[in-house]
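The values are calculated or read from the model by the stated rules, or taken from the named source; none is laboratory data. The shown structure was predicted, so the numbers you read here are calculated from the model rather than taken from an experiment. When we count neighbours, we look across all protein chains shown, and the Cβ atoms used for this are built from the backbone with ideal geometry, even at glycine. Remember, those area values only see protein heavy atoms, side chains included, never the ligands or the DNA or RNA. Shrake-Rupley method; radii C 1.70, N 1.55, O 1.52, S 1.80 Å.
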Amino acid sequence: MSKIAYLECTKCGERFSAETPQNVCPNDAGVLFVRYDLSSIRGTFTPEKLAGREASLWRYREVLPDIAPVSLGEGFTPLVASREFHGVSIKDEGLNPTGSFKARGAAAAVSAARSLGIKKIAVPSAGNAGGAVSAYAAAAGMEAHVFMPSDVPRANRIECEVYGARVTLVQGNISDCARVVNERKHKEGWFDLSTLKEPYRVEGKKTMAYELYEQLQGELPEAVIFPSGGGVGVIGMWKAFDEMEELGWLPENGRRPRMIAVQAAGCAPIQKAWKERKASVEMWNESSTIAAGLRVPKPYGDYLVLDILRRSQGAAIAVTDEEIRDAVRDWARGEGIFAAPEGAASLAAYRKLRRKSGPAEPVLGENDRVVLFNTGSGLKYLDTMEEQKLPADRHIGGLIGPY
Ligand SMILES: [Zn+2]
């Protein structure tokens with residue numbers, strides 16, 4: 001693993017030590033990024049070095065912190081060729097421990113917290129992050145406090161409790177949960193593991209881009225479609241592309257995938273800001289969507305996500321719950337992948353972008369190579385699915401069914 005050179009504020013650029021626990025920049029509350037001395041391993045850390053390594057995100061140890069991993073086998077998920085669309089692949093993050101891509105961030109953040117001697121962590125969660133943090137905290141022997149909206153999908157709450165986390169349900173959305181964590185953390189002695197309020201969740205998430213590089217033999221796709229609530233997937237992958245450029249894996253100023261952030265129409269602050277060409281988002285009021293993980297009314301890393309969308313010539317797009325429902329069903333029936341509503345939003349977005357031809361929207365051609373991320377397993381949303389009458393055309397074969 002690489003020794004961390006320093007932590008760097010993404011707003012003012014000030015550097016901080018990684019030897020002590022850090023949350024956000026004390027000057028401007030900017031997100032802190034982990035920086036390594038990549039020039040020292042340029043030429044020696046090559047893609048060929050990865051052959052035969054363990055099938056987890058820790059195979060990229062040269063670009064991860066030099067800490068003892070708390071691992072449950074996260075990462076190195078399959079990249080499945082779409083059966084419906086030529087040139088499209090689905091990165092199935094639902095196969096991670098705890099059933100979502102949140103395992104990556106939780107593994108890295110909990111590992112880092114443990115190495116810094118932290119015993120108690122707290123996190124607000126709109127869904128899957130809570131379960132992931134609870135599982136890794138359990139594996140690390142740490143105390144986890146999880147704050148979730150009172151209408152969070154049942155499986156998300158139950159799994160946290162089963163992992164032994166202290167769960168508090170909060171009236172409101174994830175921003176309200178974050179406020180409670182913030183109010184209580186000092187008194188309770190909790191380390192705040194909120195999205196982008198500590199530097200290491202990004203480090204775990206960024207490995208998705210290293211995997212894409214490896215699984216596509218260095219031929220990155222034209223576009224990556226990623227469901228974005230907090231936006232850490234997009235932020236992490238872009239950081240990884242920066243690192244790959246520094247490592248000499250990608251040509252300097254070469255073509256990178258267009259990053260496309262998908263939001264739910266019922267909570268689309270990033271898409272609204274993108275449309276209005278703003279550099280940060282306004283709080284989204286009255287957020288509502290079946291894709292619980294996308295219900296983030298004011299993402300903390302908004303300025304980073306919007307900058308990446310711009311620099312990658314990407315886009316933000318919103319899809320309705322109805323389009324998400326159709327996508328869940330169609331992915332399950334057409335591809336054999338039972339996706340979380342958040343994940344299926346990728347398919348809904350792809351369908352729109354492939355059709356669209358306005359000058360302001362990036363048009364995805366029929367032959368463009370595109371990676372759609374399924375961020376989590378549909379199995380955690382059975383109550384939502386049933387409420388939504390999914391599958392829409394259920395066949396009931398009488399009292400004695402074909403089971
Ligand atoms: Zn700063």
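Miscellaneous remarks
- Odd one out for Y210, checked against (1) among the aromatic types (F, W, Y); (2) part of a loop (DSSP other than H, G, I, E, B); (3) open to solvent by less than 10 Å² (accessible area, probe 1.4 Å): (2)
- Of all residues making up the stretch 22-48, the number that are more than 16 Å from the ligand (Cβ to nearest atom) and surrounded by fewer than 14 Cβ atoms within 10 Å (Cβ to Cβ): 8
- Failed condition for G172, given (1) in contact with a Gly (Cβ under 6 Å, 6 or more places away or on another chain); (2) surrounded by fewer than 24 Cβ atoms within 10 Å (Cβ to Cβ); (3) at positive phi: (1)
- For the stretch 262-306, the tally of residues that are open to solvent by 40 Å² or more (accessible area, probe 1.4 Å) and of a type in the set (A, V, I, L, M, F, W, C) stands at 5.
- Of residues in the stretch 10-20 being closer than 17 Å to D192 by Cβ and open to solvent by less than 60 Å² (accessible area, probe 1.4 Å), the one nearest to the ligand (Cβ to nearest atom): F16
- Within the stretch 49-64, being touching a residue at least 40 places away in the same chain (Cβ under 8 Å) and either within 16 Å of the ligand (Cβ to nearest atom) or open to solvent by 40 Å² or more (accessible area, probe 1.4 Å) (or both) holds for one residue alone: R61.
- The set of residues in the stretch 23-65 that are of a type in the set (S, T, Y) and within 25 Å of C9 (Cα to Cα) comprises Y36, S39, S40, Y60.
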